[in-house]
Structure formats: C-alpha cells, structure tokens
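Working notes, beginning with the structure itself.
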Amino acid sequence: MRHARLMTCVAVAAVLTALPSVSQAKQPPTKRQAGIEVIDESFKAVLRAGSKVRRIADGLKFTEGPVWYEAGRCLLFSDIPADTIYKWTEKGGLEVWRKPSRNTNGNAVDAEGRLVSCEHGSRTVTRTGKDGKVETLCSTYKGKRLNSPNDVCVAKDGTIWFTDPPYGIRPQQSEQEANYVFRLDPGAKEPVAVASDFARPNGICFSPDHKYLYVANSDGKFHHIRRFRIKADKTLEGGEVFCTIRPGGPDGIRCDRDGRIFSSAGDGVQVFSPGGKLIGRIVTPLAAANCTFGGPDFKTLFITARTGVWAVDLAVPGAK
C-alpha cells in the first residue's frame, strides 16, 4: 500500500450488457489487501479499537444497493446481473430474498420500513409493502420511460429522491432529454426533475439534518460528489463540488450521524469530513460500488464490492 499507516486488517439483455456502476466497472479487477487507512487524525473518531474489514459474502456477480432492512433485521443487497436481491444476517448468512428482482440496483427504506427500489430491468421505482406486495411508484417522466433508475433515498415525509442515468439500457433505448435527478412526491405518479446538468448522476444521500442532498457524478470524465441545499419548496440550489474521488469514481454514498461522507471508490470507501476533506479510507480487495450503515446499533458499514460484500464495525452510526 502507498500509505505508511495502512492497517491490515444486471434478465434483460440491455441490463446485462451495461453494468450500472460504470465508474467502477471500468476499473481493472485488481485485488489488494483489505484494511483501514488513517489519513487525518480526525478519522480515528470513526473507528473502534478493534475495527477490522471482514468479508461476509463472496462468489457473486456484481453486488450493489445495500440497505439495512429493519423489518427483517438483516442486510439486503442487489446482485444486478444475477437478477437477485440477497439477504444476509450474522446467524443465517446469505440467502436469496427475491428472485427475479428485475435487476434491482439501489435500495432504500422509508419511514414506515418499506423497501424502495430502483429496478433496471423494468425501468421503474418500486416499493415493497409489509405484505411483500411490490407496487410500481413511477415509470415515466412527461409520458416517456425513465432511463434506468439507479440509486434512491427517502425523506422523512415520504418524498423519494432518485437518480436516472442510462447505465442499465442501451443508448438507443433512452427516451429522456437528460440524465436527471428526480423527486417523487408522496402520491404523485410522475417525478419532478430537480437537476438536469449531470452527465451520469449516480449515488444519492441526505445530510443528517436533511438540509442538503449529495449526488455523485460518475461518467468517466467527472469523478466528484456535488452538494445541494434543499429549499422549503423541495427544489434544489447550489450544487457545488463537495469532493473529488480518485482512483475510480464515486458510486454509492452515505452520511454518518456527524455529517461525514462515505463514498465508494476504486480502492474501497473513501471518507470525507463535513467540509470535504479526505480523512481516511476503508480499503477493499476489489473496487467498491456502494455502502450502507446497519446492524443493531447502526454502526456497521456494509460495502458491496464487485463479487463480494464486506463489513466493518465503527464507533459512529450512520445518519437515518
């Protein structure tokens, strides 16, 4: 490793021909040793004395969309090309939770504990009720099909925010004029475009107080995360670059309780202070695609990294 303080420690053809996390998929599958890298002393506040990166699943195709599903006290995550959502628990290990999944990518849980998913195969955003029934929430914008909803976060009032790049479809299948960031208001049948100047909007998350929205841009040229202020009318302003990700680019992103940003990258998960300073890395053997907080105390970071899933217990919980 380059740093001296590294501690050891998409069943549709279109989906299968274009993996969603292009920023990561373009990276050669170089393996390295899992570990934790402290870049700034402030990163130590995030770590436990025994924090260690451990593999909890392997032998999969392309893992994405991790989310802690409290209703089942489990981790759910997508394997996009395998058309499967898996469930993982500490005691039970890995199980198939839904198959087919219509090539689900990103997942989130709303305030009522329901699973909200971005489906590449159906090009829709869906919600799974507590009875297990899957409901389509939206599939079009201005009467035209969505591209391939990628990642999603849900506000406390039930408003759904999601990104819609074309990673899960062929170029000629796109019907939209831009690759939008959308907001779907409760009860609405079509979303509202809140940002249209992204090349490839990808990961999305809120700040802990829900005053800011972070969106990753990962088209191969841009490798940054932008930050927007959410106005009272739920429109966005700002959109300045918060941080830049190298190697690779940002895909899935999350905030912890104190406002730090955890971003997937070519070398694992990079951690930034609320001010945008890189303070540490959680290194995974293969490029990471997404991450989420979960576990009984919400202090375990789960990382989907190509063919596997990794976990590390931390001292600070994720933002809810």
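Here, each number is a calculation from the coordinates, and none is a lab measurement. These figures come from a predicted structure and were not determined experimentally. Cβ atoms come from the backbone with ideal geometry, glycine included; neighbour counts cover every protein chain shown.
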Burial ordering of LYS144, LYS31, fewest other beta-carbon atoms within 10 Å first: LYS31, LYS144
Pair GLU70, GLU112: separation of 7 Å Cα→Cβ label points (nm): 1.5
Distance in nm between pseudo-label sites at ALA178 and LYS156 (7 Å out along the Cβ direction from Cα): 3.0
Compactness index (Cα Rg / 2.2 N^0.38 Å), the range 123-209: 1.07
Residues ASP185 and ARG48, FRET efficiency given R0 of 41 Å [Cβ-Cβ distance, rounded to 0.05]: 0.55
Computed FRET value (nearest 0.05) for THR307 with ASP233, which takes r as the C-beta separation and R₀ as 45 Å: 0.55
Test item: Cα-centred dipole of the range 6-313, Lys/Arg +1 and Asp/Glu -1 on Cβ, debye: 400
Charge dipole of the chain about the Cα centre (unit charges at C-beta), most positive-ward option of VAL312, GLY35, GLY93: GLY35
Over 20 Å (Cα to Cα) - which of LYS211/LYS320; LYS156/LYS211; LYS61/LYS320; LYS130/LYS156; LYS91/LYS133 fall in this group: LYS61/LYS320; LYS91/LYS133
For the range 179-320, projected area of the alpha-carbon convex hull averaged over all directions, nm²: 9.0
Additional length obtainable on full extension of the chain from GLU135 to ALA315, 0.36 nm per residue less Cα span: 61.1 nm
Packing rank of 89-100, 36-47, 158-169, where each peptide gets the mean count of other beta carbons within 10 Å, highest leading: 158-169, 36-47, 89-100
Ranked packing of 232-244, 109-121, most packed first, by mean Cβ within 10 Å: 109-121, 232-244
Sequence ranges 123-130, 287-294, ranked by mean other-Cβ count within 10 angstrom, highest first: 287-294, 123-130
VAL241-ARG257 pseudo-label distance in nm [points 7 Å out on the Cα-to-Cβ vector]: 3.3
Ellipticity estimate at 222 nm from DSSP helix runs (n ≥ 4, -39,500 (n - 2.57)) divided over the chain, nearest 500: -500 deg cm²/dmol
